[in-house]
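Okay, so here's the structure we're looking at.
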Amino acid sequence: MELFERTEVVNALLARYGVKFGIYKNNTFHEQLFPFDAIPRVIDAHEFAYLERGLKQRVDALNLFLLDIYNKKHILRDKVIPEEFIYASSGYLAQCEGVTPPGSVYSHISGIDLVLGKDGEWYILEDNLRVPSGASYPMIARELCRRSSPRTFQAVSVADNRSYADLLKQVLDHVNTGGLTVVFTPGRYNAAYFEHSYLAEKMRVPLVTGSDLEVENDHLYFKDYSGRKEQVGAVYRRISDDFLDPMTFRPESLIGVPHIFDVYRKGNVALVNAPGNGVADDKGIYYFVPKMIEYYLKQEPILHNAPTYLPYYEKDMRYVLEHFDSLVLKDVAEAGGYGVVFGNSMSASQKEDFIRLLKSEPRRFIAQEVIDFCDLPILEKGEKVERKADLRAFVLSGAETVVWKSGLTRFSRNPDSFIVNSSQGGGFKDTWVLNQ
Amino acid sequence: MKTLRFCYDLKIEFSSPVTHHSFTVKCVARSDERQQVLQQEIRILPKEYLSENQDAFGNCYIFGRTDTEHTLFSVAASGVVRTGLADSTAEGDTYRQGVYLAQTAYTKPGPALGKLFEDLRGPGPEDALKAGRRYMEGLRSRFAYVSGSTDITTTAEEALTQGRGVCQDYSHILLSLCRQAGIPCRYVVGMLIGEGASHAWVEVFHEGRWYGLDPTNNTDVCEDHIKLSHGRDYSDCLLNQGVFTGFAGQKQSVSVQVWEKEPE
């Protein structure tokens, strides 16, 4: 296929456009290219329709859960989820109690990670409801592939994924409380700075940092280079909750905006995604998402979790200890592929230490069956080889919930690794959703 | 029942001029079943704008900013409050109080608090208020009030280990004990009759109502207390917070006076 022969061209263009991914290691910032593989993941229309139903259902339930947790707490009253999984979670922010965000949407952009098992079933690996990144990579890759190999896209009818910016803008417009929409970046040294600038450009909205924003008289304003102030109604913020507002969260944050949270509490600006979402994408809460779907929507979950055990429950702890070698253990507080260990990869003494830790802090870990998921072909030095890959689907919630007809497919470059996170040095593919 | 007058004065002096000063002030008394605010005035200087809001715990606060260069920032609050109208305040459902049950960075027990809890814990089941009072009583012989012996970063475990502290430490220790016993409880900032600084105490959740316990004085909260705010611990009830631009040292002084108003 012509497209595959142009892989190097596309990668060279990606490098030129600055499609990079930053990694902090030992407190220093390294930026590296995000290697692109030209063989797309292909999902046919029928299969995508199934994923779409399942993803919408899941994200709708998660949004209802967030609204409930920060307000009436009926799911706690009805004892569907034990209280300590909420209040002991680092993602739960008491400061968000009693807030109903504009449009009642908490997770406007949800990045849901899935894998296709060898049994032909899709499994949800995790929900990312805070600041999920990655949509820009397949967007720009598609753009460059279409340019370098236009005939490919004449021959195959692939759903256009370049509409992502429009979908995102519609969500932001829907929750906008009056005024500008902006993309708020922590700055040049953020891991996903390329994405912040690309999405701002594609949506034709200002890309701002903390010092461009200011609160005055109950509203948020954008100050332009001439000192003129214009009211802001929606902030697509790519800065974490912790650093958002030094008056409410970490007081040492220099990249936040003082009092932005106060005007948000008053309903005078939309923050996208809403602060406090971490309570719903905690790896411990993941276990309860199918129960949320049943509780809030009175429906059977369409998409399944990977089989998961909570050592918090005695029965599950026993199972985990008996099947330790066949499980993967995850620290609920960690993300980006950190804090993940495979039972069978530990030495005897490591295992002993880990089990001691597990017993003293059972709430801190989940255990999962290792899913044997499908390999996807990638090109390595012109040869096709098989590697582990996952899919991050993007679900957008505004007036309605829609699933973007594409997604970020990440693969591990190491043939022995199951961890595909870009922060662990993996590469990416475009995801084609066929029109038929 | 008493009618109390209060004056709360906060001054921050900067060693050189600062600007772009954003601040949040949480020293607004609110009427509830226990106290009725008859009159209240708050003056903040300098300021370009001020705004009022309610926080996640239901406290009233004032926020604002000033871009004017200044070397002195001051908050002066004064008012008249009728106190002692009830011994407690009603609250909604028990299942919604879980946020006050989780230990925080300030109240998290270590060996000292764990042992104290074992020493003081009751022989059988008892109600939350009785338990809270017994923990408070138990603290009397085990902890001493020594002003200046701790600072605002001291945790309950650290304070208990050294055996000395101020009202903030008494309150954090009592919170830690109650939470170990599964009793929802919260940190309260307010003022006590007399002259001095602001005061802190604890409220425990008992049969749908919040009851005040003042562990520093080993007493139930009474008509001598004016409440300003509550939260999980000290950090939710900061009387004053700020960020500013400038390279300056700062000196903060607080003076609080509460006295009984002569009947008219």
**Members of segment A:240-260 that are more than 10 Å from chain B (Cβ to nearest Cβ) and in contact with a helix residue (DSSP H, G or I) (Cβ under 8 Å, 6 or more places away or on another chain)** = A:ASP241, A:LEU244, A:PHE249, A:ARG250, A:ILE255, A:ILE260
**Item:** Qualifying residues in segment A:53-88 (those that are open to solvent by 10 Å² or more (accessible area, probe 1.4 Å) and assigned to a loop (DSSP other than H, G, I, E, B)) - the one nearest to the other protein chains (Cβ to nearest Cβ)
**Value:** A:GLU83
**Message:** Of the residues A:GLY276, A:GLY284, only one is in the same structural domain as A:GLU52 (by TED's automatic domain parsing) and outside any loop (DSSP other than H, G, I, E, B); which?
**Reply:** A:GLY284
**Request:** Kindly check whether there is at least one residue in segment A:333-354 that is within 20 Å of A:PRO82 (Cα to Cα), open to solvent by 30 Å² or more (accessible area, probe 1.4 Å), charged (D, E, K, R) and modelled with pLDDT of 90 or more.
**Result:** no
**Request:** May I ask you to verify whether B:ARG134 is open to solvent by 20 Å² or more (accessible area, probe 1.4 Å) and in contact (Cβ under 8 Å) with a residue 24 or more places away in the chain?
**Result:** no
**Asked** Among the residues of segment A:97-114 satisfying the criterion of being surrounded by 24 or more Cβ atoms within 10 Å (Cβ to Cβ), among the hydroxyl-bearing types (Ser, Thr, Tyr) and part of a loop (DSSP other than H, G, I, E, B), which is nearest to the other protein chains (Cβ to nearest Cβ)?
**Response** A:TYR106
**Message:** For a quick check of your reading: which strands (runs of 3 or more DSSP E) sit entirely within segment A:324-384 and have at least 3 residues that are over 24 Å from A:GLY134 (Cβ atoms)?
**Reply:** A:365-369
**Asked** Of the numbered conditions (1) within 14 Å of chain B (Cβ to nearest Cβ); (2) within 23 Å of A:PRO101 (Cα to Cα); (3) among the charged types (D, E, K, R), A:LYS223 satisfies every one except a single condition; which is it?
**Response** (2)
**Prompt:** Inside segment B:17-130, counting only strands (runs of 3 or more DSSP E) that do not spill past its ends, which hold 2 or more residues that are open to solvent by less than 30 Å² (accessible area, probe 1.4 Å), β-branched (Val, Ile, Thr) and within 14 Å of another protein chain (Cβ to nearest Cβ)?
**Reply:** B:60-66
**Asked** Can you spot a residue in segment B:209-224 that is within 14 Å of another protein chain (Cβ to nearest Cβ), in a loop (DSSP other than H, G, I, E, B) and surrounded by 24 or more Cβ atoms within 10 Å (Cβ to Cβ)?
**Response** no
**Complete:** All-but-one check, B:THR155 against (1) hydroxyl-bearing (Ser, Thr, Tyr); (2) within 23 Å of A:TYR92 (Cβ to Cβ); (3) modelled with pLDDT under 95, failing number (3)
**Request:** Kindly list, by first and then second residue, each pair from a residue in segment A:262-276 that is open to solvent by 10 Å² or more (accessible area, probe 1.4 Å) to a residue that is in a helix (DSSP H, G or I), limited to pairs with Cβ atoms under 7 Å and residues at least 6 apart or on different chains.
**Result:** A:GLY267/A:PRO102
**Message:** Take A:SER253 and tell me if it is modelled with pLDDT under 95, touching a Phe, Trp or Tyr at 6+ places or on another chain (Cβ under 7 Å) and not in a strand (DSSP E or B).
**Reply:** yes
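The values are calculated or read from the model by the stated rules, or taken from the named source; none is laboratory data. Predicted, not measured: the structure shown is a model, and the values here were computed from it. Virtual Cβ from ideal backbone geometry, glycine too; neighbours counted across all protein chains shown. Note: areas computed on protein heavy atoms with side chains; ligands, DNA, RNA excluded. Shrake-Rupley method; radii C 1.70, N 1.55, O 1.52, S 1.80 Å.
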